[in-house]
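Working notes, structure below.
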Amino acid sequence: MRDRFGEVGRMGGGSKNGAAGKGATTIRLPADCRMTELPALREQCLATSSSTLDATAVERVDTAALQLLVAFHRDALTRGGKITWTGVSTPLREAAERLGLIQALALPAAMPA
């Protein structure tokens with residue numbers, strides 16, 4: 001059976017507040033937010049439908065990570081959840097902008113320098 005991110009099976013684990021899909025949690029994206037970090041990030045995303053994403057530490061990001069975040073955001077909205085951002089690093093914002101994903105990720109407006 002395919003999970004909501006299109007992959008077979010489901011990784012274990014849960015959110016900071018217990019049962020999967022219940023309550024909101026903060027997911028801190030790693031500084032190196034590339035393919036090698038996706039299994040842990042995917043596990044965190046599967047554990048909740050409402051989250052606050054903290055991307056202030058992101059220094060490197062790839063297309064695969066952005067695709068995962070878009071799928072997570074769309075899935076959360078479909079299930080009545082909500083995704084908010086506490087911060088977005090310049091590298092993540094620039095990558096999302098290059099790929100035309102600012103709206104799909106619902107990134108907050110950039111703060112003036």
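Consider Asp54 carefully, then state whether it is under 10 Å from the mean Cα position of the chain (by Cα) and modelled with pLDDT of 90 or more. Walk me through how you get there before you give the answer.
Values: under 10 Å from the mean Cα position of the chain (by Cα): yes; modelled with pLDDT of 90 or more: yes.
Against the criterion (under 10 Å from the mean Cα position of the chain (by Cα) and modelled with pLDDT of 90 or more), Asp54 qualifies.
Take the residues in region 67-113 that are of a type in the set (Gly, Ala, Ser) and closer than 17 Å to Ala57 by Cα; name whichever of them is surrounded by the fewest Cβ atoms within 10 Å (Cβ to Cβ).
Here is the first cut: in region 67-113, the residues of a type in the set (Gly, Ala, Ser) are 71, 76, 80-81, 87, 89, 95-96, 100, 104, 106, 109-110, 113.
Filter once more, keeping what is closer than 17 Å to Ala57 by Cα: 87, 89, 95-96, 110.
Numbers: Gly87: 16, Ser89: 19, Ala95: 19, Ala96: 21, Ala110: 12.
Within region 67-113, the match that is surrounded by the fewest Cβ atoms within 10 Å (Cβ to Cβ) is Ala110.
Give region 23-43 a look and list any residue that's within 19 Å of Pro108 (Cβ to Cβ), modelled with pLDDT of 85 or more and not polar (S, T, N, Q), or say none.
Ile27, Arg28, Leu29, Cys33
If you take the residues of region 57-68 that are touching a helix residue (DSSP H, G or I) at 6+ places or on another chain (Cβ under 9 Å) and of a type outside the set (Asp, Glu), which of them is nearest to Ala104 (Cα to Cα)?
Start the filter on region 57-68 by keeping residues that are touching a helix residue (DSSP H, G or I) at 6+ places or on another chain (Cβ under 9 Å), which leaves 58-66, 68.
Within this subset, residues satisfying the condition of being of a type outside the set (Asp, Glu) are 58, 60-61, 63-66, 68.
On the way: Val58: 18, Arg60: 19, Val61: 16, Thr63: 14, Ala64: 14, Ala65: 13, Leu66: 10, Leu68: 12 Å.
Restricting to residues being touching a helix residue (DSSP H, G or I) at 6+ places or on another chain (Cβ under 9 Å) and of a type outside the set (Asp, Glu), the top hit is Leu66.
Run Leu46 past the list (1) buried (at least 17 other Cβ atoms within 10 Å of the Cβ); (2) modelled with pLDDT of 90 or more; (3) over 19 Å from Leu107 (Cβ atoms) and report the number of the one that doesn't hold.
Exception for Leu46: condition (2).
Which condition from (1) buried (at least 20 other Cβ atoms within 10 Å of the Cβ); (2) modelled with pLDDT under 85; (3) among the aliphatic types (A, V, I, L, M) is the one that Ala20 breaks?
Looking at each condition in turn, Ala20 falls short on (1).
The values are calculated or read from the model by the stated rules, or taken from the named source; none is laboratory data. In this text, all values refer to a predicted model and were calculated from it rather than measured experimentally. Reconstructed Cβ throughout: ideal geometry from the backbone, glycine too, with neighbour counts over all protein chains shown.
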